[in-house]
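Reading through the structure tokens given below for one structure.
The values are calculated or read from the model by the stated rules, or taken from the named source; none is laboratory data. Keep in mind that what you see is a predicted model, and the values were worked out from it rather than measured. Because the Cβ atoms are built from the backbone with ideal geometry, glycine has one as well, and the counts that use them run over all protein chains shown. Quick note on the areas: whole protein, heavy atoms, side chains included, nothing else; ligands and nucleic acids left out. Shrake-Rupley method; radii C 1.70, N 1.55, O 1.52, S 1.80 Å.
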Amino acid sequence: AQLIEEIDAVTASTPEQVEAFRIRYLGSKNILRPLMGEMRTIPNERKPDFGQLVNRAKQHAQDKFDGLQAALASQESATAGSELDLTAPAEPMPLGSRHPIALTMRRIVSIFERIGFAVAEGPEIEDDWHNFSAMNTPEDHPARDMQDTFYTGADMPAGPNNSAMLLRTHTSSVQARTMEAQQPPIRIIAPGRVYRNETISARSHAQFHQVEGLYIAERVSFADMKATLLHFAREMYGEKTKIRLRPSYFPFTEPSAEMDIWWGLETEHDHRITKGTGWLEILGCGMVDPAVLENCGIDPERYTGYAFGMGIERQAMLLYNITDIRLMFENDVRFLRQFASVV
Ligand code: PHE
């Protein structure tokens, strides 16, 4: 009993102390062993009681040792954790930035989304029908020369009506695809990449981006188009922005127009460096030609609509004072990093 009290009283908080406890009570020379040796001197009738006592002391020592070890282990894991300073500032993580084209595209798209336009998409590798013929530009049409087209090789499967495959020259092909797939009311914008076989320079590239718009319903007028485009220009370039519509020609719209915005000191965007004051063309538009509606399965007697298409690079260059379009396709990080703070 005395021994059990002694064992209970032991405190051991370091690994060395716990080991000392083990040697003293459980090791090969532990203090309980000589007690067993004393068994000879014990009278026979008391031997069982004595043996039991010694065994109890042994078991007690073992339990105590297990407890001490467990305490030690949990203590160790606790101190291991305390070496971690959870309040220390984290290593800075390098963040990427959005590309100026993506930034500009997103801005344009969200302006139209807020007034009810839905985003539509079409393939970049397109067939002749959707890019040209459906858009009222048949094979022998002189307007095909307006856009120098990349045709894909003869190994590409042909499109509808055995038409050739090409890289779309404008997002207007998405107009055709949307009208084929759905009846009015149609109100979509289609952002995407387009290709033209043009000499690459500071001002033009063989790949660029456009955002197409299409609105078809009953009694849509040219005035509706003008109001919508004015709203767009003011959201994009500031509320004092002025627009001008000049008569133009596209095979798929009649009448057609080009829209300029006034770029000058009295408007909000007077941070510009690279552009002087003047009218700048930003998009082509017009009332969808009845022949296009007909081609795409929409009744031209019942429905009218307008369409517009705008280049993105040029507007990105205006917004961010970029003087060479080629910078946008070289992915030089020194260029890209400058847009890190733009959201
Ligand atoms: N597709 C024309 C272009 O690429 C732009 C346009 C779209 C004009 C829709 C009128 C209507 O230049």
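Residues that are assigned to a helix (DSSP H, G or I) and touching an Asp or Glu at 6+ places or on another chain (Cβ under 7 Å) were ranked within region 161-194; the one that is nearest to the ligand (Cβ to nearest atom) is S172.
Here's the yes/no breakdown for (1) of a type in the set (S, T, N, Q); (2) surrounded by 10 or more Cβ atoms within 10 Å (Cβ to Cβ); (3) modelled with pLDDT under 85:
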site	(1), (2), (3)
E6	no, yes, yes
A9	no, no, yes
A12	no, yes, yes
S28	yes, no, yes
L68	no, yes, no
Q75	yes, yes, yes
S82	yes, no, yes
T104	yes, yes, no
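Which of the residues spanning region 285-316 are open to solvent by 30 Å² or more (accessible area, probe 1.4 Å) and not acidic (D, E)? Matches in region 285-316: P290, A291, N295, G297, P300, R302, T304, R314. From the list A143, A120, the lone residue that is touching a Ser or Thr at 6+ places or on another chain (Cβ under 9 Å), modelled with pLDDT of 95 or more and within 16 Å of the ligand (Cβ to nearest atom) is A120.
Within region 321-337, the set of residues being touching a residue at least 60 places away in the same chain (Cβ under 8 Å) and either open to solvent by 80 Å² or more (accessible area, probe 1.4 Å) or basic (K, R) (or both) comprises T323, R326, R337. If you go through region 14-66 and keep only what is β-branched (V, I, T) and either in a helix (DSSP H, G or I) or within 60 Å of the chain's Cα centre (by Cα) (or both), you end up with T14, V18, I23, T41, V54. Of all the criteria given as (1) at pLDDT 95 or above; (2) in contact with a strand residue (DSSP E or B) (Cβ under 9 Å, 6 or more places away or on another chain); (3) not aliphatic (A, V, I, L, M), the one not satisfied by E180 is (2).
If you go through region 195-221 and keep only what is in contact with a Phe, Trp or Tyr (Cβ under 7 Å, 6 or more places away or on another chain) and either more than 16 Å from the ligand (Cβ to nearest atom) or open to solvent by less than 70 Å² (accessible area, probe 1.4 Å) (or both), you end up with Y195, H205, A206, Q207, G213, Y215, I216, A217, E218, V220.
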